[in-house]
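What follows is a set of notes on a single structure, which appears directly below.
Please treat every number below as a calculation from the coordinates, not as lab data. The shown structure was predicted, so the numbers you read here are calculated from the model rather than taken from an experiment. Virtual Cβ from ideal backbone geometry, glycine too; neighbours counted across all protein chains shown.
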Amino acid sequence: MPQSFDLRVRREREGCGLAAGRVLLRDVTVRYGRRVALEAVSGEFASGSLTAVVGANGAGKSTLLAAIAGAVPLAGGVVNCAARQRLAYLPQLAAIDRDYPLTVWELITLGGWREFGVFRSPGTALRARAATAAETVGLTGRLRRPIGEISVGELQRALFARLILQDAAVILLDEPFAAVDEQSISVLLDQVTRWHQEGRTAIAVLHDLDLVRARFPSTLVLARRCLAWGTTQAALPAMAV
Amino acid sequence: MSVHSLIVEPFESLAFMRAALVACLALALANGAIGTLLVLRRMSLDGDVLGHAVMPGAAVGFLYAGPSPEWLSLGGLASGLVVAALAGLITSERARRDAGLVAFYLVALSLGVVLVAWRGSNVDVMRVLFGTVLAIDQRALLQIATVSTVIVLAIAALYRPLAVGAFDPAFLRAVGKRAPYGAVFPTLVVLALVASFQAFGTLMAVGPVLLPAAAARCWGLGVAGSMALATGFGLAASVAGLLVSYHGNVPSGPAIVLAAGLLFGVSLVATSSWRRIAPNIGGDA
């Protein structure tokens with residue numbers, strides 16, 4: 001039996017154990033038409049790690065998250081994520097249609113989709129968890145509002161509450177603090193830290209390097225290729241080059 | 001003229017008016033939900049294009065079997081689905097998308113007219129372009145009722161993924177475990193348009209789907225509420241249009257679409273002027 005097969009089996013077995021939240025990239029390449037958005041990125045997000053993805057505009061940061069989430073087809077390479085079924089992906093806010101007639105409460109409870117599925121309505125236990133999640137992000141008084149009538153910061157808080165309900169092992173956040181007010185950023189950052197403490201793998205695309213330095217232990221610097229990947233202290237200087 | 005002779009008698013005395021009424025009511029039940037989802041997804045233009053995409057296939061069905069409702073529908077369904085799949089493929093290249101859709105629209109329409117005119121008469125061409133609400137026979141009626149039932153049941157069963165996919169497709173992809181929800185909605189739209197095509201022809205098939213939904217959307221209700229109101233508007237427009245067509249001796253398909261258009265106009269004006277007045281009332285309080 002070829003060795004690569006053995007390796008794959010072993011990886012899948014590991015997936016059931018401690019390394020469940022690990023995300024492994026091997027030569028990940030993504031193209032949009034002829035344009036190469038991401039070229040041969042390899043490396044590993046350890047299970048339970050908290051990583052900031054930084055880089056200039058067009059460096060492929062969002063593409064990397066989309067590739068991990070399986071939202072864009074790979075032109076080459078492999079994304080190995082044993083927890084694919086327990087992966088939560090929060091795209092940039094612009095991807096959400098805010099004119100859609102939905103209340104904050106409805107948006108948050110959608111996070112329990114895996115429990116109530118396509119047909120059933122959310123049960124009592126889930127509704128209680130949704131209420132707790134809403135309280136955690138400070139939205140308790142806003143639950144009946146349509147999502148079109150709350151601020152950008154509040155919408156992002158609601159989406160974080162939905163993420164809390166999703167109970168994911170791997171959490172991907174694409175520019176979670178863009179256009180969000182200071183107070184909301186601090187609420188959201190606390191939640192990211194809480195996820196990290198709970199042992200979940202979190203990967204966030206960010207622009208604010210001071211914030212990365214202060215709150216994110218690991219950093220990946222992208223410029224279509226991987227420029228640096230490691231502890232924030234070691235990797236971040238690559239941004240200046 | 002009594003109320004009875006104005007409203008009830010046309011349907012009481014004429015079998016073709018009754019058939020038209022039942023067909024329009026069956027269509028309105030399916031169209032309320034489909035149209036609302038189309039409007040919420042901002043896919044009105046796509047709906048219009050798919051309405052014309054039905055045409056070449058229906059024309060091929062016509063060439064093969066003459067004006068038989070089954071063959072017109074099967075052909076229309078086939079070409080509608082092919083174009084829906086092609087439109088899905090070009091979605092990734094956003095910049096060229098609207099031009100691509102309009103190209104489909106024009107080519108499909110012209111191809112259909114050429115094919116029908118090749119073997120058929122001018123009457124046949126008018127028939128596929130504008131439909132024949134008042135010439136719906138029992139076979140066509142059964143077909144419309146069946147398709148509407150399938151659509152309503154499918155939307156009832158898949159309501160949550162369809163509603164969520166409309167505002168946050170990335171989330172649906174993440175939780176949907178690769179279920180092909182992306183293909184379900186276009187298929188339902190094509191089915192609705194094929195059913196509508198029988199009655200309203202390719203040029204107006206999308207009218208009874210979109211206009212009541214667009215009117216209902218003005219009122220700022222939730223998804224389910226919008227669907228219910230759109231269905232109600234569709235039913236009202238059907239009855240009103242048929243009566244106007246009977247008493248005023250005007251073509252019935254356009255009369256129904258006009259009635260729905262009137263509802264849209266009234267909804268738009270009423271809700272936007274309310275929005276202008278309402279803040280002032282709030283400010284006084």
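Here is how the numbers come out for the structure above:
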quantity: Relative contact order (%) - criterion: Cα under 8 Å, at least six apart; region: region B:3-277; calculated: 29 percent
quantity: Charge sum, other residues only, whose C-beta stays under 15 Å from residue B:75's C-beta, Lys/Arg counted +1 and Asp/Glu -1; calculated: 0
quantity: For region B:21-169: rounded, prolate or oblate by the Cα gyration tensor [a/c cutoff 1.5]; calculated: oblate
quantity: For region B:3-277: rounded, prolate or oblate by the Cα gyration tensor [a/c cutoff 1.5]; calculated: oblate
quantity: Where labels lie 7 Å past Cα in the beta-carbon direction, separation of residue A:193 and residue B:70 in nm; calculated: 7.1 nm
quantity: Kyte-Doolittle mean at least -1.0 and Cα axial length at least 24 Å: DSSP H helices in chain B; calculated: B:15-40, B:44-65, B:69-90, B:97-119, B:138-157, B:181-204, B:223-248, B:252-284
quantity: Mean separation of Cα contacts under 8 Å, 6 or more apart, over the residue count of region B:1-120: relative contact order %; calculated: 26 percent
quantity: Cα shape, region A:3-234, gyration tensor, a/c 1.5 rule; calculated: prolate
quantity: Distance-filtered residues of region B:167-208 - backbone nitrogen under 19 Å, label point 7 angstrom along residue B:142 Cα→Cβ; calculated: B:195-196, B:198-199
quantity: Computed [θ] at 222 nm, helices only, for the protein assembly as shown once each DSSP H run of length n ≥ 4 contributes -39500 (n - 2.57); calculated: -20000 deg cm²/dmol
quantity: For residue A:59, net neighbour charge (Lys/Arg +1, Asp/Glu -1) across residues whose Cβ lies under 12 Å away; calculated: +2
quantity: Antiparallel DSSP beta bridges within the protein assembly as shown, percent to nearest 5; calculated: 55 percent
quantity: Chain A: angle of helix A:124-136 to the longest principal axis, Cα-based, in degrees nearest 10; calculated: 80 degrees
quantity: Mean separation of Cα contacts under 8 Å (6+ apart) over length of region A:3-234, as relative contact order %; calculated: 28 percent
quantity: Bridge type composition, region A:3-234 - antiparallel percent by DSSP, nearest 5; calculated: 55 percent
quantity: Nearest 10 degrees, 0 to 90: helix A:182-197 Cα axis against chain A principal axis; calculated: 60 degrees
